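*Asks:* Below are the structure tokens for one structure; questions will follow.
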Amino acid sequence: MITRLNRRLRIAATIIVSLAGLIGLAFLSTYYYLKPTLPDVAVLRDVRLQVPLRVYSRDGRLLAQIGEQRRVPVTWDQIPPVVVQAVLAAEDDRFFEHPGVDWQGVLRAIVVAATTMELSQGGSTLTQQLVRTTLITKEKQLRRKLREIFLALSLENELNKQEIFTLFVNTQFLGQRSYGFAAAAETYFGKQLSEVDASEAALLAGILQAPSRLNPAASHENATERRAYVLRRMRELGYLDKESWRAAMDRPVSRELHGPAVQVDAPYVGEMVRLALLEKYGERIYSDGLQVVTTIDGRLQRAADVALRSAVLEYDRRHGWRGRAGRIALEGETDEALGRALEEYPVVGGLQPAAVVAVVGASATVVARTGRRYRLPMDGMRWARKGDDPAPKSPREVVAVGDVIYVLPTSASDALLAQKPDAQGAFVALDPRDGAIIAISGGFDYQDSKFNRVLQARRQPGSSFKPFIYSAALEAGFTPASVVLDAPVVYEAPAPEDGIGVRPDAVEGEGAEEEDWRPGNDSGRFYGPTRLRDALVRSRNLVTIRVMRQIGVGYARDYVTRFGLPKEHIPADLTAALGTAQLTPLEMATGFSVFANGGSLVTPYLIEQVFAANGSVLERAEPKIACNHCGPAGTGLTGAPPTSMEAGPSGFVRAEDVGGALPLPAEEQRAPRAISEANAWIITDLLRDVIRRGTGQRARALGRNDIAGKTGTTNDGRDAWFSGFNTGLVATAWVGFDQERPLGADEEGARTALPMWIYFMREALAGTPERRLPMPDGVVTARVAVDTGEFADGGVPASDFEYFLADHLPPGVEGASGAGVQNVPPPQKYEEPIF
């Protein structure tokens, strides 16, 4: 009996060994048969992941991420243990033990295939999944499965387990355009991979099985169910204790999607960078992992966005309540359900759509799109009058239960009533020393309108254009003390060749007749003989027109191009004196930079450096630098040599008179001279007076004596401007409608645009010392009579000191001692006939 059993065992063993040999031989033969079709697994060692373009501020904060695939590569050390455990529990708990193929899983798949006649069971290890998604196609066929096995075994010989796991974590698709676990953590949780907990790690690992079906945005129910399975497996494998497992199971799954972990939201900047790089590098910018460092200051970019939105909302409030955004049914809806129902209403400029769920007493209660409840106190609704009606006294006069409105959260529980504004704004800030763009906001909300008004909106700058005309006047022989008549004038419609000008809104076309032009002051009054200083400070239109006619339209038009303003957008007539040119906010800021830096024309730039994925520098900006201490070589300057330095925002060396010698920029690095340093200094002094006692007095709230600027309001109040500066920063603010129409009664540069500039400058200049350029050679001081602008000695009671260019002194100094009295121009009291 025993002998017979032994014989049977030997036969069985022989059969098994023979079968094993045959299987091994078949496996080996199949390997050599398929080997020519197998890709080289060594390429995975140097695999190039498609990494999107990343845009950073100069202080290292992420501003934008641009690319078709969201991907954030991580190293093994950056993968938290809880993520490793979740992936193992969900997909391959024996990953660190098997040689790349789990033969138990293979046998299970073979048995299922033999019984069902379908190759549906995976049995795939992480290594097999990696080669399947990176090296071979995904169709379910035996040939593909065998190739997958052979490649997995080869890969395990090429890379170690940590390298394979890291590649897996970085390459797998997890839904919603997210490739890799780090990108998915940003998409679903709005956090970095290192910050995820067990519940979140299990959710991510669960998505792997069916990314398009199991991600929480696609199916909250499926994602929750799959997460529960992964958490149960983590508990069974000893990765979680009972308490941790229960806490993870109890955490709600959110359907909300998040963008990349942007640290400073600057979409207009991102789009500017994208367009610039696309032209230079082509489509590779979306996948090659380029990194761009911009000139943007992260803190000041936030300040610019807040300033713009605050100014536009304040303007909008002054013009009343336009009513609810919609209606919504509330019957039996939970706050979470209401939040989902509000998803069709977009978030605009930080304003949250919300449904009114209660109106009781002096407040209303709303549920926002986020599902959070807010209280709206009556104090935040008093602005919401309709038309000419008086201010409301009760929330019931403004909102009703079921209304969809917009709110501006002020705390975790309170919010203010708001509405999506019809008006728009633009803001840009430059470093006048080299043209670096420090902050730029092209509109109230990029997602609502991608039109970048800083670059693309050509609008009339109004009176903010006048400083360029006055600079031309100084060069032509006028002085700040020159007296010009401020009185009504009518310019008859000229023949086309006269070039004097007509009304800016005159109708053109066949049969149209040009009308006589009757310009006036914004106040509707006239002030008689007026010194140029007062004319600019008070923004007297008639004086500016007479000055421009005296120096000549052609001369003035040529002169203002020195400030980087395009000649083709400046009218060849007298209306240009009042700012009828078509200019962008960036061009205006560039022009004012000439005054701020002492007379040099700098070129605005945004991109400081571009890096390849490996860290090598592809390009680096080399801006021209304004230098007022560079001597006569190539500049015509005679300033004193510098004695110290300060690093500017772009890293260049700036001279300041505080001790210690330093080198100067090479001549080829110097920005070209636009106007003389003396001319720039005098115009700056005039513009300081605009803030001290003129149309820009609101800016005195900053409590500084080193700021200067000019307001601007166009015909019919369609555009409101303010451009202002000190020696370290220039900024231009604009408010208006995209489809041009009047802003309304009493809306002008000082009231509508200047607050935006003030809000920004309050943040930008906080804690910085006051700093002004020293009075340069070529500027002299003389006492003049207040009423005539002529030289006055100490015996004239109504007199004051004024600044002059050394070769353009006031009348009456003939015979006075001192340099610069030669070739004194004749008395400059201009009058014209009134037609």
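*Asks:* Whole-Hz Karplus ³J(HN,Hα) for the range 92-99, in order, using 6.51 cos²θ - 1.76 cosθ + 1.60 and θ = phi - 60°, x for Gly and Pro?
*Replies:* Result, rounded to whole Hz: 6, 6, 9, 3, 7, 10, 7, x.
*Asks:* Can you tell me the FRET efficiency between S411 and R741 if r is taken as the Cβ-Cβ distance and R0 is 35 Å, rounded to the nearest 0.05?
*Replies:* On the way: r = 36 Å, r/R0 = 1.03.
The value I calculate is 0.45.
*Asks:* In what sequence, highest mean first, do 439-452, 56-69, 718-731 appear when ranked by Cβ atoms within 10 angstrom? Could you put the intermediate results ahead of the total?
*Replies:* Numbers: 439-452: 21.4, 56-69: 18.8, 718-731: 26.8.
So the peptides 439-452, 56-69, 718-731, ranked by packing, come out 718-731, 439-452, 56-69.
*Asks:* Sequence-distant or interchain residues sharing an amide H contact under 5 Å with A358, placed H: which?
*Replies:* Correct list: T365.
*Asks:* Pull up all non-local amide H partners of L290: gap of 5 or more, or a different chain, and H-to-H distance under 5 Å with H placed in the peptide plane.
*Replies:* So L290 has HN proximity to R54.
*Asks:* With all pairs of different alpha carbon atoms counted, what Kirkwood hydrodynamic radius in Å does the range 152-197 show?
*Replies:* Numbers: mean 1/r = 0.0865 Å⁻¹.
Taking every pair of different Cα atoms in the range 152-197, averaging 1/r and inverting gives 11.6 Å.
*Asks:* To continue, here is another question. Quick check: residue separation of N160 and D250 times 0.36 nm, minus the Cα distance between them. What number comes out in nm? Display every interim value, and only then the final one.
*Replies:* On the way: separation 90, 0.36 × 90 = 32.40 nm, distance 3.67 nm.
Value of the extension gain: 28.7 nm.
*Asks:* If you don't mind, there's one more thing I want to ask. Based on the alpha-carbon gyration tensor of the range 540-627, what equivalent-ellipsoid semi-axes (square roots of 5 times the eigenvalues) come out, in whole Å, largest first? Intermediate values should be presented prior to the final figure.
*Replies:* On the way: eigenvalues 268, 34, 20 Å².
Result for the range 540-627: semi-axes of 37, 13, 10 Å.
*Asks:* Between R783 and A362, what FRET efficiency follows from the Cβ-Cβ distance if R0 is 60 Å, with the result rounded to 0.05? Working shown, then result.
*Replies:* Details: r = 62 Å, r/R0 = 1.04.
Result of the calculation: an efficiency of 0.45.
*Asks:* Hey, another quick one. Send over the Kirkwood Rh of the range 170-277, from the inverse of the averaged 1/r over different Cα pairs, rounded to one decimal Å. Can you show the working numbers first?
*Replies:* Values: mean 1/r = 0.0676 Å⁻¹.
After inverting the mean inverse Cα-Cα distance, the result is 14.8 Å.
*Asks:* Of the options A266, A304, H319, report the single residue whose Cα projects farthest towards the positive end of the charge dipole of the range 230-325 (beta-carbon charges: Lys, Arg +1; Asp, Glu -1).
*Replies:* Checked the options; the winner is H319.
*Asks:* Using the eigenvalues of the Cα gyration tensor, what equivalent ellipsoid semi-axes result for the range 660-736 when each is taken as the square root of five times the eigenvalue, whole Å, largest first?
*Replies:* Working: eigenvalues 172, 54, 29 Å².
Semi-axes (√(5λ), whole Å): 29, 16, 12.
*Asks:* Right, next: Which FRET efficiency, nearest 0.05, do S394 and R94 yield, Cβ-Cβ r, R0 56 Å? Can you show the working numbers first?
*Replies:* Numbers: r = 69 Å, r/R0 = 1.23.
The value I calculate is 0.20.
*Asks:* Hey, any idea what Rg/Rh is for the range 716-778, computing Rh the Kirkwood way over Cα pairs? Present the calculation step by step, with values, prior to reporting the outcome.
*Replies:* On the way: Rg = 15.2 Å, Rh = 13.5 Å.
That ratio equals 1.13.
*Asks:* How many percent of Cα pairs in the range 56-98 exceed 14 Å? Show your work: numbers first, answer last.
*Replies:* Working: 621 of 903 pairs.
Percent of Cα pairs beyond 14 Å in the range 56-98: 69.
*Asks:* To continue, here is another question. Skipping prolines and chain starts, which residues have an amide H placed within reach, meaning under 5 Å, of the one on D486, given they are 5 or more residues away or on another chain?
*Replies:* Y527, G528, T530
*Asks:* Follow-up. State the answer as a single residue: which of V404, L416, L430 lies farthest towards the positive end of the charge dipole of the range 387-449, with beta carbon charges of +1 for Lys and Arg and -1 for Asp and Glu, about the Cα centre.
*Replies:* Of the listed residues, the answer is L416.
*Asks:* Using the Karplus equation 6.51 cos²θ - 1.76 cosθ + 1.60 (θ = phi - 60°), what ³J(HN,Hα) coupling, rounded to whole Hz, does each residue of the range 397-406 give in order, writing x for Gly and Pro?
*Replies:* Listing the rounded values in order: 6, 10, 10, 9, 4, x, 5, 9, 10, 10 Hz.
*Asks:* Moving on. Test of the criteria: in the range 738-817, which trypsin sites (Lys or Arg not before Pro) are in a DSSP loop and have at most 14 other Cβ atoms within 10 angstrom of their Cβ?
*Replies:* On the way: sites: R751, R762, R771, R772, R783; in loops: R771, R772.
Of the trypsin sites (Lys or Arg not before Pro), the ones in loops of the range 738-817 whose Cβ has at most 14 other Cβ atoms within 10 Å are R771.
*Asks:* Applying the Karplus parametrisation 6.51 cos²θ - 1.76 cosθ + 1.60 with θ = phi - 60° to the phi angles of the range 798-812, what ³J(HN,Hα) value in whole Hz is obtained for each residue in order, glycine and proline being reported as x?
*Replies:* Each residue's phi maps through the Karplus curve to give 8, 9, 7, 7, 9, 9, 9, 5, 4, 9, 9, 8, x, x, x Hz.
*Asks:* Using the charge dipole of the range 343-440 (Lys, Arg: +1 at Cβ; Asp, Glu: -1 at Cβ; taken about the Cα centre), state which of P377, G387, V348 has its Cα farthest towards the positive end.
*Replies:* Sorting the options by dipole projection puts first P377.
*Asks:* Once the piece of chain linking V347 and S212 is laid out straight, how much longer is it, given 0.36 nm per residue of separation minus the C-alpha distance between them? It would help to have the intermediate numbers written out before the result.
*Replies:* Values: separation 135, 0.36 × 135 = 48.60 nm, distance 2.58 nm.
So the chain would gain 46.0 nm between V347 and S212.
Read the figures in this text as sums done on the coordinates, not as results from a lab. As the structure is a prediction and not an experimental result, all values here were calculated from the model. When we count neighbours, we look across all protein chains shown, and the Cβ atoms used for this are built from the backbone with ideal geometry, even at glycine.
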